[in-house]
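First the structure, in the form of C-alpha cells, and then the observations on it.
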Protein chains: 2
Amino acid sequence: MITLRLMAASLLTLAAPAMAQEEPPAPGSVVAAATPEEWVQIAPEDILVMELSPAADGSARRVVIQLLPPPFSQPWVENIKTLARAHWWDGKSIYRVVDNWVAQWGGGDPELDMDPGPLPEGVVSPMVPYVETWGKDGDEIVLWHPRDYLEDNYADWAQFFDGWPTAYAISADTTQLSGWPVHCYGSVGVARDLAPDTGTGSELYAVIGHAPRQLDRNIAVVGRVIAGIEYLSTLPRGTAEAGVYAERSEDTPIVSVRLASEMSDPPAYEYLDTASDSFARYVEVRANRHDSFYEVPAGGVDVCNVQVPIRPVQ
Amino acid sequence: MITLRLMAASLLTLAAPAMAQEEPPAPGSVVAAATPEEWVQIAPEDILVMELSPAADGSARRVVIQLLPPPFSQPWVENIKTLARAHWWDGKSIYRVVDNWVAQWGGGDPELDMDPGPLPEGVVSPMVPYVETWGKDGDEIVLWHPRDYLEDNYADWAQFFDGWPTAYAISADTTQLSGWPVHCYGSVGVARDLAPDTGTGSELYAVIGHAPRQLDRNIAVVGRVIAGIEYLSTLPRGTAEAGVYAERSEDTPIVSVRLASEMSDPPAYEYLDTASDSFARYVEVRANRHDSFYEVPAGGVDVCNVQVPIRPVQ
C-alpha cells in the first residue's frame, strides 16, 4: 500500500490546433485536406507485389508490401529485391499463421517437407538486425520534426522518419543516439532461427496483431503491408508447433512475388509525408479525438496507433 | 532543428530478478512455474459462451468471453447477463468485421434488413461509459501492487486490477484518481451510436487488431475473449460502409449465447492473479526478454502487450 505520487511527467500532451470548421477534424478529414505536395509517391522498386492463389470464390488475393528505404534495415532489402527478381518465392507458400502474432511465408523448412532449394546468387548472409547510430565523437545530435514525437514504452521516444514509425534511444553518456524501425500491425520482418544472424530475407512475416514491440532490434523490420493485409490476417491459424500448419495442404500457395518496377501494369501508391504539416496535425487529432463519436479525448497515442496514410495513385 | 534533450524520465525501468536457472526465464516458463494458489477461477456467471454456426468443414466455432467484474463497466454486464438468460442473441449474427479493428455482432440495425425485436425486460438504458473515481473529499488514494505499474500513452499510468488491464488519471488538483478498463486485442465492448448513452449491451464487438485505446472512456469495455478469438479474427472483412457485410447472407449466424452458469456442461477457466508474485515476474520478463531468441531486451512493455495468462480448468 503506497500513497499516490503525481506522475504528470509521463503524460503526452499535444496542443489542440485552432479550428475554422464547425465539425471538429477527424483523422480522415485531416488526411483529405492534405495538399498534393504533401504526398510522396513510393518508388516502384520499393514495392513488392505478392499474388496468392485465388480465394475459394475465385477472387484474386494480392498483398502489396512497401520495402523500407535506407538507412534502416539494409542490406536485407537488397536481398529481398534479389529474391524477387529471381522469382524465388513463386510456388512457395504461407505456412505459418498465429493469431495476434504473424503470418509467415517463404522457402520453408526441410523438416516441414518443404524444399526451399538454393538461394539465388547475390543473397548476402549472415546479417544481424540493423540499428542506425548517430552522434559518434560528440557530434551534436539533430532530431526531425519535434512536433510529432511520441512517448514510447520500448525506447526513449518514438518518431516518424521518412514515412516510417521508428524508435530512439540515447546512450547512457548521452553522446550517442540510436534509432530503429518498429514492429506495428502490418509490419513485415525477416524471420530467422534462434541465432540473430540466420535471417536472409527469404523467409518473411507480417504482423497481424497488437504491435509486438519486443521484436524490435531482435528481428529486422524490412517493410509493411500497404494493401491486402486482410488476405493474411483472415487465413486459418496453424495448429502444429509454433502455429505452423500441420499439413502442407493447408498452406496458401504463393503464385508470384514481383517488384512493381518489373511489372508491366504495376500498382502505384503514395504516403502522406510524415514531415508535413498535415501529418503533424493528423497525429495531434489521433491523440485528441474531438469528432462526433468521441466524448473523452485520450490526450495521447502510441506510435503504432498512428497508421501512416497510404493510398493508391490513379 | 533542435539539440537533443535527455528524456530518461520517460523510460520504464524494471529490475531483472536474480535467476537460479541456467536458461533465462521466458513468459511461458514464469507462468508454468506459478503455484496453484496464484490462479483464480473465473465465476461461471462471468463466462459467456457464444456458439457460431459450424465452419465450412463442419467444425464447431465456440467463442468464450469473460465478463468484467465490478466495479468497472457495470451495469452493462448485468444487461448482458439478462440478454443471455433470455437467449436474445440466438439466431442473430456477426454482421460487421473490420481489419485491424473489430468484429461486431448482435441484434443489428433495421436499416440492414435485420429486425432486432424488442429487448428483454430488465435491460437498462441509457447508460454512458463508466469511470470509477476515488479520492473524493481529499481521501488518501491507494494504489495496488506498484511493482507492475506501467507507463501509458493514454493515461497517467496503466496497471492490472483484479486480472484486468486498466488505466488511471489524476485530477489536475491531484485530489482525485479515476480508473477505467482499457481496449486491448480481444477486448469486448458495447457498440453504440454517436450519442454516448445509446449502447445497451445488445450489440457487442471484439477487438481484432492493435489496441484502439482512443475508445477508452468513450465506449464501455465489458469483457474479453478468452478462447476462440480466431473464429472472429479470421472472418472475412465486410465491404459495405463501416465494414458491415454488404449482404446479410455474408453474416455469420450465432447459434446461441449462454452464461456458463446456465449450461449443463460448462467450460471453466482460471487466470493468473495479477496481484501475485508470478504475475509481477511475468510482467518483468515480458518487458525484459533474455530468453534464447532475444538479443536486445526492450526494457519496457505496454499494458496491452501483457496478455493476462488464462487457461482452461480440467
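Being farther than 25 Å from A:Val40 by Cβ, modelled with pLDDT of 90 or more, under 18 Å from the mean Cα position of the chain (by Cα) and not β-branched (Val, Ile, Thr) narrows it down to one of A:Pro181, A:Pro212, so name that one. Quick ask: steps written out before the conclusion?
Working: A:Pro181 fails: farther than 25 Å from A:Val40 by Cβ.
After ruling out the rest, the residue left standing is A:Pro212.
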Can you tell me which of A:Gln74, A:Gln66 is part of a strand (DSSP E or B) and of a type outside the set (Asp, Glu)? A:Gln66
Scan of region A:41-63 for residues that are out of contact with any Leu (no Cβ under 8 Å at 6 or more places or on another chain) and assigned to a strand (DSSP E or B), ordered by number: A:Gln41, A:Met50, A:Glu51, A:Leu52
When (1) assigned to a helix (DSSP H, G or I); (2) at pLDDT below 95 are applied to A:Pro297, the one that fails is (1)
Select from region A:248-277 the residues that are of a type in the set (Gly, Ala, Ser) and free of Cβ contacts under 8 Å to residues at least 60 places away in the same chain and list them in ascending order. A:Ser249, A:Ser264
Name the residues in region A:177-221 that are in a loop (DSSP other than H, G, I, E, B) and aliphatic (A, V, I, L, M), would you? A:Val182, A:Ala191, A:Leu194, A:Ala195, A:Ile208, A:Ala211, A:Ala220
Determine which single condition B:Leu12 fails, assuming it passes every other condition in (1) over 17 Å from the mean Cα position of the chain (by Cα); (2) of a type in the set (A, V, I, L, M); (3) at pLDDT 95 or above. (3)
If you go through region B:241-253 one residue at a time, do you hit one that is at pLDDT below 95 and facing chain A (nearest Cβ under 10 Å)? no
If only one of B:Arg237, B:Arg286 is within 14 Å of chain A (Cβ to nearest Cβ), under 19 Å from B:Tyr185 (Cβ atoms) and in a helix (DSSP H, G or I), which one is it? B:Arg286
Can you name the residue in region B:189-207 that is charged (D, E, K, R) and within 12 Å of another protein chain (Cβ to nearest Cβ) and is also surrounded by the most Cβ atoms within 10 Å (Cβ to Cβ) among such residues? B:Arg192
All-but-one check, B:Asp148 against (1) modelled with pLDDT of 80 or more; (2) surrounded by 21 or more Cβ atoms within 10 Å (Cβ to Cβ), failing number (1)
Is it the case that some residue within region A:255-274 is crowded, with 20+ Cβ neighbours inside 10 Å and within 14 Å of chain B (Cβ to nearest Cβ)? no
Within region A:89-115, of all residues that are in a loop (DSSP other than H, G, I, E, B) and either at pLDDT 95 or above or touching a strand residue (DSSP E or B) at 6+ places or on another chain (Cβ under 6 Å) (or both), the one surrounded by the fewest Cβ atoms within 10 Å (Cβ to Cβ) is A:Asp90
Matching residues, region B:45-82, being surrounded by fewer than 16 Cβ atoms within 10 Å (Cβ to Cβ), farther than 23 Å from A:Leu235 by Cβ and in contact (Cβ under 8 Å) with a residue 60 or more places away in the chain: B:Glu45, B:Pro71
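The values are calculated or read from the model by the stated rules, or taken from the named source; none is laboratory data. Since the model is a prediction, treat every value here as computed from it, not as a measurement. Glycine gets a Cβ as well: all are built from the backbone with ideal geometry, and neighbour counts include every protein chain shown.
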